[in-house]
1. Considering A:Ile143, A:Ile135, A:Ile116, A:Ile121, which residue is more than 30 Å from A:Gly44 (Cβ to Cβ) and not in a helix (DSSP H, G or I)?
2. Which members of segment A:173-203 meet the condition of being open to solvent by less than 10 Å² (accessible area, probe 1.4 Å), more than 14 Å from chain B (Cβ to nearest Cβ) and either in a helix (DSSP H, G or I) or within 16 Å of ligand 4 (Cβ to nearest atom) (or both)?
3. Does segment A:259-269 include one or more residues that are buried (at least 24 other Cβ atoms within 10 Å of the Cβ) and either in a helix (DSSP H, G or I) or facing chain B (nearest Cβ under 9 Å) (or both)?
4. Of a type in the set (Lys, Arg), within 24 Å of B:Asn32 (Cα to Cα) and assigned to a loop (DSSP other than H, G, I, E, B) - does that describe any residue in segment B:266-283?
5. Filter segment B:60-89 for residues that are in contact (Cβ under 8 Å) with a residue 24 or more places away in the chain and basic (Lys, Arg) and give the result.
6. Which condition does B:Glu310 not pass, out of (1) in contact with a strand residue (DSSP E or B) (Cβ under 7 Å, 6 or more places away or on another chain); (2) assigned to a loop (DSSP other than H, G, I, E, B), if it passes all the others?
Amino acid sequence: MSHLLEINNLDVKFDTDEGRITAIENVSISLDQGKVLGIVGESGSGKSVTAKSIMQLNPGNTIYNDDAEIIIDDENVLKFTSNNDLKKIRGGKVSMIFQEPMASFAPAIKIGHQMIEQLMIHKPLTKKEAKDISIDMLNRVGIADAEKRFNQYAFELSGGMRQRAMIAMALSTMPKLLLADEPTTALDVTIQAQVINLMKDIIKEFNMGVIFITHDLGVIAQVADDVAVMYLGSVVEQGPVNEILKNPMHPYTRGLINALPDINNLDAPLTPIPGNIPSPLDRPNGCVFRTRCPHASKEGKEENIKMGLVEVKPGHWLDKCGVDCGKK
Amino acid sequence: MSKNIVSVNNLSVSFDYQENFLSKKQKIKAVNNINIKIKKGSFFGLVGESGSGKTTLGRAILGANKISTGNVIFHDDDRDYDLTSINSKEMKEYRKKAQLIFQDPYAALSPRMTVRDIIAEPLEVMKITNSREETDEKVREIASKCRLNLEHLRRYPHAFSGGQRQRISIARALVSNPKFIVADESVAALDVSIQADILNLLKQLQNELNLTYLFISHDLSVVAHVCDIVAVMYLGHIVEMAPSRDLFSNPRHPYTKALLSSIPSIDPENKSKAIELEGEIPSAMNPPSGCVFRTRCPHASQDGKEENIEMGLEEVEPDHWVDRCGVSCG
Ligand SMILES: Nc1ncnc2c1ncn2[C@@H]1O[C@H](COP(=O)(O)OP(=O)(O)OP(=O)(O)O)[C@@H](O)[C@H]1O
Ligand SMILES: Nc1ncnc2c1ncn2[C@@H]1O[C@H](COP(=O)(O)OP(=O)(O)OP(=O)(O)O)[C@@H](O)[C@H]1O
Ligand code: SF4
Ligand code: SF4
Ligand SMILES: [Mg+2]
Ligand SMILES: [Mg+2]
């Protein structure tokens, strides 16, 4: 059976005044219908760029490599050029919940109006039907007085309401593939739990595939089937969520888990991964994590490692480094 | 005992709401009769339901939202600023002393300015420095405190990761030498490792520069770690307020209990110890009478006596304040 989504050997670079930035290097992931793939990783590791590549939403200064493929329904999205082709994915087969909810609502148009409009572009609905669906969705994501909120502008909603309105808008078109970029960061935990349950129901009901980007490992544990851990544009570890969180092998994954504040031990100091993430302009050669890795060798042999995932246990993929030198 | 730096007295903030231009104007009471005192040098945490009024409260304290009733007083070393009767010259002075750290390090930094110019802007806008040399001096000083390299100052923000950008925002907020900082979801966009790093930095700067923070966050484990005192908001009201340890080890209000139980566990097998709240989330446009939490409270009485309760905090233990409900029927 073919996958709902397959990304092969994706590199993404940006041309900037200061030179060419490598945002993604050699990423390959696949996703089946009805499954949730979590992506976690440091800020700047390329999570949003990966999602935007699927929607073809990266700006004009973006450069993809020639042999990269992003395949949805047997078509390589990277080869799409016409607006009609792009319309099939954007808001049609694929919906995205953006990391910055403010950016996805036009400031001068009421949120209800925007929801109706985008539904009617993709579905043969009357205005009345589109309105009913939109209000129903707003209710389902826990927005009280949805009919009134419908008539407000984005700036009049609190951060968490905007985020829920965006979730409602993305779900209302019932896409095959949902890209959710930090969808619940602005929510308090009780509403977060409610919204996650709602998303799970809808994912199941419509057999959607979901890419769920978050830095909250707790949320990943609750929603994802599989998880990919990214660092500086590369996937360094990947596998079933249970396995990765219980048995992390890459030094970066371990560092992330170790940095979680422990609510049961308030005296424990907060322990960040030491050092700074290198600028994407000076991406380390060899192992990308070597400049901060506590296990890096003295003689610097990681500089010449060729990166790539290796299956260390069934389903558990690890960057080659972990195999060569990641042993504690 | 240390002095207060901010006193919020019976503060309410309302927004107008009109369904269309023919219909009657209604009010959304975003912040409803709130009283808090923020001690000098404290890390004051504000958590609570989405839409409960945290941002509005923070902005009102900074003078960025209109106060409907009540007042906010900032106690500086030599004088008080009453934000309800402040003139525009005093407001300018106050803006130097109280600053906001933005939530979104991506949106907050102009892509066309160098890091040096971004950090220097408040100094120039507020006319704090008199020469370019003086400005540069101050920028360098605060940049190094925020652990930015001098070579970073020449670069543009896109070359930086989220964590570094957040340090740039912090440097910008601190360059005018403020005494009080509102940090609204300032680490929400960051991954856990950078979060830990930024929080350590905020703590360290607090000591070095004698800062006071109002720290708004959804992340309860973060709040538990960094804040000395925490207030929990629900629908415009503070329902509980206590020193962090007390609050996290001995929550009293049913909403606080539900919040603490809902923190997602990183153990995928440990899915549901959460107290699930039933019922619709009520709207600030049309809040329940009496106890604002009653429509979702698992302990609400059958006879609906909460409908007529008058809300208000009571001190149940030294410094541990709970909404009256918790005392009478929680
Ligand atoms: N349009 C662009 N031009 C230049 N560089 C860019 C552009 N968009 C993204 N980048 C860079 O690409 C890298 C990856 O960015 P991306 O937004 O995917 O990170 P992320 O993993 O989503 O981080 P966060 O958790 O902070 O959202 C970053 O270094 C970023 O600065
Ligand atoms: N400019 C505005 N005009 C109208 N209503 C507003 C405005 N700003 C806020 N509100 C309303 O005030 C209430 C409180 O909003 P606020 O942004 O303070 O909540 P919050 O606690 O910060 O929520 P979140 O955690 O989701 O950010 C909400 O009902 C919101 O819709
Ligand atoms: S290759 Fe070496 S430096 Fe890189 S993550 Fe593995 S142990 Fe660390
Ligand atoms: S007054 Fe009653 S309904 Fe309100 S929080 Fe207390 S127990 Fe719950
Ligand atoms: Mg992102
Ligand atoms: Mg807010």
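1. Working: A:Ile135 fails: not in a helix (DSSP H, G or I); A:Ile116 fails: not in a helix (DSSP H, G or I); A:Ile121 fails: not in a helix (DSSP H, G or I).
A:Ile143 is the lone residue from the list that is more than 30 Å from A:Gly44 (Cβ to Cβ) and not in a helix (DSSP H, G or I).
2. Matches in segment A:173-203: A:Ile202 only.
3. No: zero hits.
4. Within segment B:266-283 (the criterion being of a type in the set (Lys, Arg), within 24 Å of B:Asn32 (Cα to Cα) and assigned to a loop (DSSP other than H, G, I, E, B)), the answer is no, since none of the residues qualifies.
5. Within segment B:60-89, B:Lys66 is the sole residue that qualifies.
6. Here B:Glu310 meets the rest and fails (1).
Matching residues to (1) in contact (Cβ under 8 Å) with a residue 24 or more places away in the chain; (2) open to solvent by less than 70 Å² (accessible area, probe 1.4 Å); (3) under 14 Å from B:Leu123 (Cα atoms); (4) touching a strand residue (DSSP E or B) at 6+ places or on another chain (Cβ under 6 Å):
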site	(1), (2), (3), (4)
B:Thr135	no, yes, yes, no
B:Ile142	yes, yes, yes, no
B:Arg147	yes, no, no, no
B:His152	yes, yes, no, no
B:Arg155	yes, yes, no, no
B:Ala159	no, yes, no, no
B:Gly162	yes, yes, no, no
B:Gln166	yes, yes, no, no
B:Ser176	yes, yes, yes, no
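Residue-by-condition table, conditions (1) more than 7 Å from chain A (Cβ to nearest Cβ); (2) in contact (Cβ under 8 Å) with a residue 60 or more places away in the chain; (3) in contact with a helix residue (DSSP H, G or I) (Cβ under 6 Å, 6 or more places away or on another chain):
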site	(1), (2), (3)
B:Gln206	yes, yes, no
B:Phe215	yes, yes, no
B:Ile229	yes, yes, no
B:Met241	yes, yes, no
B:Asp246	yes, yes, no
B:Ile275	yes, no, yes
B:Pro288	yes, no, no
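The values are calculated or read from the model by the stated rules, or taken from the named source; none is laboratory data. The structure presented is a predicted model; accordingly, all values stated were derived computationally and were not measured. Cβ coordinates were reconstructed from backbone atoms using ideal geometry, including for glycine residues, and neighbour counts include every protein chain displayed. For the accessible areas, the whole protein counts, side chains as well, though only heavy atoms, and no ligand, DNA or RNA atoms are used. Shrake-Rupley method; radii C 1.70, N 1.55, O 1.52, S 1.80 Å.
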